[in-house]
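The values are calculated or read from the model by the stated rules, or taken from the named source; none is laboratory data. Computed from a predicted model, the values in this text were never measured in an experiment. Reconstructed Cβ throughout: ideal geometry from the backbone, glycine too, with neighbour counts over all protein chains shown. These accessible areas exclude ligands, DNA and RNA; they are computed on the full protein's heavy atoms, side chains included. Shrake-Rupley method; radii C 1.70, N 1.55, O 1.52, S 1.80 Å.
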Amino acid sequence: MEWISPRRLKRLGMLNMNRRNVDYIARYNERSSYPLVDNKLKTKLVVAEYGVKTPRLLQIVREQHEISHFREMAEDLEGFAIKPAKGSGGKGITVITGRDGDEYIKASGARVDAAYLERHLTNILAGLYSLAGAPDVAIVESLVQSDPDLARYSHQGVPDIRIVVFQGYPVMAMLRLATTASDGKANLHQGAVGVGLDIGSGRSLNAVQFNRPITLHPDTGLALENIQIKAWNEMLEMASRCYEATGLGYMGVDLVVDANEGPLLLELNARPGLAIQMANGCGLLPRLRAIESLKRPHFSPGERAQFAMETFASP
């Protein structure tokens with residue numbers, strides 16, 4: 001990777017980790033709001049009150065004895081996702097994409113039985129995947145059927161869109177595409193592809209993998225330069241609504257585009273990473289400062305989204 005001098009990084013307006021932690025996360029995020037975003041179940045319930053759709057909730061497993069109801073609930077389901085409520089970084093998420101008799105087919109193609117999934121639920125309750133190993137709750141959600149126009153760019157995993165929201169304004173966005181290296185997960189540190197998105201239009205700008213520029217997806221071989229995200233205005237407004245729902249001034253909003261349901265919220269992150277700047281080829285600082293300098297009346301989520309589209313659109 002090419003070495004970039006601190007002076008050039010400053011000129012590009014790159015936000016570094018220390019400044020992010022002190023000037024934005026510590027300053028704008030109330031600690032009392034963290035449980036809302038660190039717990040996927042709490043997130044689902046609170047954002048629903050603000051008109052933000054999430055994948056349909058099929059079952060909540062809070063106690064060991066409730067696991068016995070899982071097999072009955074899943075009897076007629078072709079696909080679903082099991083998630084630890086307090087998990088992070090995709091840990092503990094099991095996605096079932098099909099059935100073959102008594103076997104469940106995972107996103108990777110591996111086949112498992114109901115007993116395997118019940119053991120997984122037990123591990124979730126025990127806190128195997130939760131922050132600090134605390135006892136957890138398992139949630140079972142309907143399977144996201146990714147929009148086919150977008151899904152073809154990703155390898156196995158569902159592509160998602162990360163939008164950084166500051167004081168209720170969407171300021172930067174990227175599409176995350178799974179790869180073989182990332183084991184089907186949309187995690188940039190594990191090797192997923194990050195595609196910068198123009199806030200003004202939802203069109204792709206640049207793409208990176210392991211912070212290196214790329215033009216083609218390493219597995220699908222498809223060009224990454226002309227991707228267009230559907231329902232872009234709606235997604236920006238959904239991201240903006242999460243500010244009222246949580247009160248968090250600086251956060252990452254992760255969305256997917258479902259083939260039938262349209263945009264859905266996957267989760268929120270109170271400590272979003274900084275690789276989004278590499279994917280966009282520009283820094284967050286100028287945009288954050290532009291919002292900080294606003295002398296504005298109370299804007300609605302829709303008005304904030306429109307402001308961002310007009311102000312931060314690529315030339």
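Is it the case that ILE227 is surrounded by fewer than 22 Cβ atoms within 10 Å (Cβ to Cβ), touching a residue at least 24 places away in the same chain (Cβ under 8 Å) and β-branched (Val, Ile, Thr)? Yes; evaluated as a whole, the condition is true for this residue.
State whether one or more residues within the stretch 50-57 are within 15 Å of GLU244 (Cβ to Cβ), of a type outside the set (Ser, Thr, Tyr) and buried (at least 17 other Cβ atoms within 10 Å of the Cβ). Give the steps one after another, and end with the answer.
Our first condition is that a residue be within 15 Å of GLU244 (Cβ to Cβ); within the stretch 50-57, this holds for 50-52.
Restricting the remaining residues to those that are of a type outside the set (Ser, Thr, Tyr) gives 51-52.
Still in the running and buried (at least 17 other Cβ atoms within 10 Å of the Cβ): 52.
Yes: the stretch 50-57 contains one or more residues that are within 15 Å of GLU244 (Cβ to Cβ), of a type outside the set (Ser, Thr, Tyr) and buried (at least 17 other Cβ atoms within 10 Å of the Cβ).
Taken over the stretch 252-270, the criterion of being in contact with a helix residue (DSSP H, G or I) (Cβ under 6 Å, 6 or more places away or on another chain) and assigned to a loop (DSSP other than H, G, I, E, B) is satisfied by ALA270 alone. Restricting attention to the stretch 187-202 and to residues that are touching a Leu at 6+ places or on another chain (Cβ under 7 Å) and in contact (Cβ under 8 Å) with a residue 60 or more places away in the chain, the residue that is most open to solvent (accessible area, probe 1.4 Å) turns out to be ASP198. Per the listing ARG27, ARG20, the residue uniquely of a type outside the set (S, T, N, Q) and surrounded by fewer than 19 Cβ atoms within 10 Å (Cβ to Cβ) is ARG27. Of note, ASN206 satisfies the criterion of being open to solvent by 60 Å² or more (accessible area, probe 1.4 Å), under 27 Å from ILE25 (Cα atoms) and in contact (Cβ under 8 Å) with a residue 60 or more places away in the chain.
If you take the residues of the stretch 116-142 that are part of a helix (DSSP H, G or I) and open to solvent by 30 Å² or more (accessible area, probe 1.4 Å), which of them is farthest from THR43 (Cα to Cα)?
For the stretch 116-142, the residue satisfying everything is TYR116.
Could you tell me which residue of the stretch 78-92 is surrounded by the most Cβ atoms within 10 Å (Cβ to Cβ), considering only residues that are farther than 17 Å from ALA178 by Cβ and in contact with a Lys or Arg (Cβ under 6 Å, 6 or more places away or on another chain)? My answer is ALA85.
Taking ASP258 as the residue in question, decide whether it is closer than 28 Å to LYS42 by Cβ, buried (at least 16 other Cβ atoms within 10 Å of the Cβ) and not polar (S, T, N, Q). So that I can check it myself, show each step before the final result.
On the way: closer than 28 Å to LYS42 by Cβ: yes; buried (at least 16 other Cβ atoms within 10 Å of the Cβ): yes; not polar (S, T, N, Q): yes.
So ASP258 passes the test.
Can you find a residue that is of a type in the set (Ser, Thr, Tyr), open to solvent by less than 50 Å² (accessible area, probe 1.4 Å) and assigned to a helix (DSSP H, G or I) anywhere in the stretch 279-302? Looking through the stretch 279-302, none of the residues is of a type in the set (Ser, Thr, Tyr), open to solvent by less than 50 Å² (accessible area, probe 1.4 Å) and assigned to a helix (DSSP H, G or I).
Tell me which residues, restricted to the stretch 279-315, are basic (Lys, Arg) and in contact with a Gly (Cβ under 6 Å, 6 or more places away or on another chain).
The answer is ARG304, and nothing else.
With ARG62, ARG20, ARG56 as the choices, which residue is over 22 Å from the mean Cα position of the chain (by Cα) and touching a residue at least 40 places away in the same chain (Cβ under 8 Å)? Explain how you work it out, then say what you get.
On the way: ARG20 fails: over 22 Å from the mean Cα position of the chain (by Cα); ARG56 fails: over 22 Å from the mean Cα position of the chain (by Cα).
From the options ARG62, ARG20, ARG56, the qualifying one is ARG62.
Could you say whether any residue in the stretch 225-235 is modelled with pLDDT of 95 or more, in a strand (DSSP E or B) and not basic (Lys, Arg)? Yes, that holds for at least one residue. If you go through the stretch 28-48 one residue at a time, do you hit one that is over 23 Å from PRO301 (Cα atoms), modelled with pLDDT of 95 or more and more than 20 Å from the chain's Cα centre (by Cα)? Scanning the stretch 28-48 turns up no residue that is over 23 Å from PRO301 (Cα atoms), modelled with pLDDT of 95 or more and more than 20 Å from the chain's Cα centre (by Cα).
I'd like to check something: does the stretch 143-159 contain any residue that is assigned to a strand (DSSP E or B) and surrounded by 24 or more Cβ atoms within 10 Å (Cβ to Cβ)? Please lay out each step first, then the result.
Within the stretch 143-159, the subset assigned to a strand (DSSP E or B) is 146.
Within this subset, residues satisfying the condition of being surrounded by 24 or more Cβ atoms within 10 Å (Cβ to Cβ) are none.
Within the stretch 143-159, none of the residues are assigned to a strand (DSSP E or B) and surrounded by 24 or more Cβ atoms within 10 Å (Cβ to Cβ).
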